[in-house]
Amino acid sequence: MDAWHRRRRERTVDRGRADCRDARRRTRIIDGSGAAPIENGRIVIERGRITRVGRAPEISAPAGAEMVDLSGRTVIPGLIDLHFHIENDPKLALRQLSHGITAFRDPGQWDEKFDELRRMIAADHIPGPRIFTTGPHIDGENPAYPADSIVARDSEEARRDAEMLVQRGASALKIYFRLPFASAKAVIDVCEAHRIPCTAHLELLDARELIAAGLHGIEHVTSFGISLVPRIEAEAYRQAVLKSNDARRDGRYRLFTRANLDGPEAQALYAVLRERKPFLDPTLAVFERRNDGKASNVTPVLASGFAKMKQFTRRAAQEGARIVVGGHSVVPFAGRGQAPWRELELLVESGFSPIEAISAATATAAAFLYRSDELGSLRAGFNADLVVLRGQPDRDVSAIRTVERVMVAGQWIDTAKYREY
Ligand SMILES: [Zn+2]
């Protein structure tokens, strides 16, 4: 921590100086691309950006650079949480920042709900977390979450709502499941016109049709339920949920329990995944149900449904879907601000390698934000958003929990402070 305090003083007395930093002596680097770790790495950072990354013997530090000794540590890109609900808890975003989540997207909220977080970030003079918003969900009548939705009654209203949200700064738009197909298509078309991603919580809409129509991303593995069972069962589920949003609660576990991942419905879905390669944000952690001896209300259907959700997530990736990480803020088996860590662990439980899980939370997530040229990788020219870990997450993904330092835009974050939030 000495180096960090020294750095702060320098910064206040001499703001104009080159902001250089160097990780040295057997520092391991996982760059987010999916490549094997660099075992003896060095990173040079100037003015908030990475200027060089590679093997230490091949990279000399610029004259006058401040050196930071990270020997024995592993450096990964800052994690990106693509499904973070701020609700009325701006402090949670800062607590997640202390856990290495340097950027997030809230997939359904009025922009006004971020005012307090933005005020806190400005007051503390910190450059993050980076905030990506979508505005409220665009849903149909009788919306699932009225307070977080705009209701569009037809495709023209959906188009106008989508345009309005983009004008107000949405970096993506989110379709919600009561929107009829024609309205959903209108939202997708607005996204394409403005070159921003369109994501969706489907569940009542057929993923095969929406992805073929140009949908870029899908939130929640449960969005695929009706695409994995025979159509008579799918329609029964749709009608039950149309009648009451609560029918989803156990219904989606029943659908997944019955889903045949090699059946004709699934095969038709895989054909679309292979062709379109959409992003899939499974948010497994929010659906996690397991019999650990304590939770007595986990029925066999809940447990088997969740097991099938994990199997499907892995299969979807093998068929072409690009997996990303969304923590969903509050989940059953993670402490406060730790949902993204749990999601990484669940991806590994689902059959992904730890390196693949890290890419899902970094480089692939940046691609879903359409920010592949500056976020999510430790590469020259990219933002210096990074996390220093004591453990080795490529060997055991749970080492993601050993966060020692967090940097955003070249600036170390006071993690001890925000861990209390
Ligand atoms: Zn959500």
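Of all the numbered requirements in (1) at pLDDT below 95; (2) surrounded by fewer than 17 Cβ atoms within 10 Å (Cβ to Cβ), A56 misses one, and that requirement is (2).
Among the residues making up segment 125-149, those that are free of Cβ contacts under 8 Å to residues at least 40 places away in the same chain and surrounded by fewer than 17 Cβ atoms within 10 Å (Cβ to Cβ) are H125, E141, Y145, P146, A147.
Taking residues in segment 339-352 that are closer than 15 Å to L79 by Cα, and partners anywhere that are among the basic types (K, R), the pairs with Cβ atoms closer than 7 Å and at least 6 places apart or on different chains are W341/R401. Summed over segment 314-332, residues that are under 12 Å from H220 (Cα atoms) and over 15 Å from the mean Cα position of the chain (by Cα) total 0. Report yes if E87 is within 16 Å of the ligand (Cβ to nearest atom), surrounded by fewer than 19 Cβ atoms within 10 Å (Cβ to Cβ) and in contact (Cβ under 8 Å) with a residue 12 or more places away in the chain, otherwise no. Criteria met by E87.
In segment 310-338, what residues are touching a helix residue (DSSP H, G or I) at 6+ places or on another chain (Cβ under 8 Å), away from the ligand (no atom under 16 Å from the Cβ) and assigned to a loop (DSSP other than H, G, I, E, B)? Across segment 310-338, the qualifying residues are E319, G320, A321, F333, R336, G337, Q338.
Exactly one residue out of P340, P354, P393 is closer than 27 Å to A122 by Cα, of a type outside the set (D, E, K, R), surrounded by 18 or more Cβ atoms within 10 Å (Cβ to Cβ) and at pLDDT 95 or above: that is P340.
Can you pull out every residue in segment 277-304 that is crowded, with 19+ Cβ neighbours inside 10 Å and more than 16 Å from the ligand (Cβ to nearest atom)? Residues satisfying the conditions are P278, R289, L302.
Search segment 223-251 for residues being within 28 Å of the chain's Cα centre (by Cα) and among the polar types (S, T, N, Q), and hand back the single one that is farthest from F279 (Cα to Cα). Checking each candidate, the answer is N245. Contact map, segment 402-421: first residue surrounded by fewer than 19 Cβ atoms within 10 Å (Cβ to Cβ), second residue of a type in the set (A, V, I, L, M) and part of a helix (DSSP H, G or I), Cβ cut-off under 6 Å, separation 6 or more or different chains; pairs are Y421/L94.
For segment 229-269, a residue qualifies if it is under 16 Å from A207 (Cα atoms) and out of contact with any Leu (no Cβ under 9 Å at 6 or more places or on another chain), and the qualifying residues are P230, R231, E235, R252, P264, Q267, A268. Being over 28 Å from P197 (Cα atoms) and of a type in the set (A, V, I, L, M), is that true of even one residue in segment 262-271? Scanning segment 262-271 turns up no residue that is over 28 Å from P197 (Cα atoms) and of a type in the set (A, V, I, L, M).
Taking every residue in segment 70-82 that is on the phi < 0 side of the Ramachandran plot and pairing it with any residue that is among the basic types (K, R) and assigned to a strand (DSSP E or B), at least 6 positions away or on another chain, the pairs with Cβ-Cβ distances below 8 Å are L70/R24; S71/R24; R73/R28; T74/R28; V75/R28; I80/R105; D81/R105; L82/R105. For segment 90-112, the set of residues classified as basic (K, R) and either buried (at least 19 other Cβ atoms within 10 Å of the Cβ) or modelled with pLDDT under 95 (or both) consists of R95, R105, listed by residue number.
The values are calculated or read from the model by the stated rules, or taken from the named source; none is laboratory data. Since the structure is predicted, the reported quantities are computational estimates derived from the model, not experimental observations. A quick note on method: Cβ atoms are made from the backbone with ideal geometry, for glycine too, and the neighbour counts reach across all protein chains shown.
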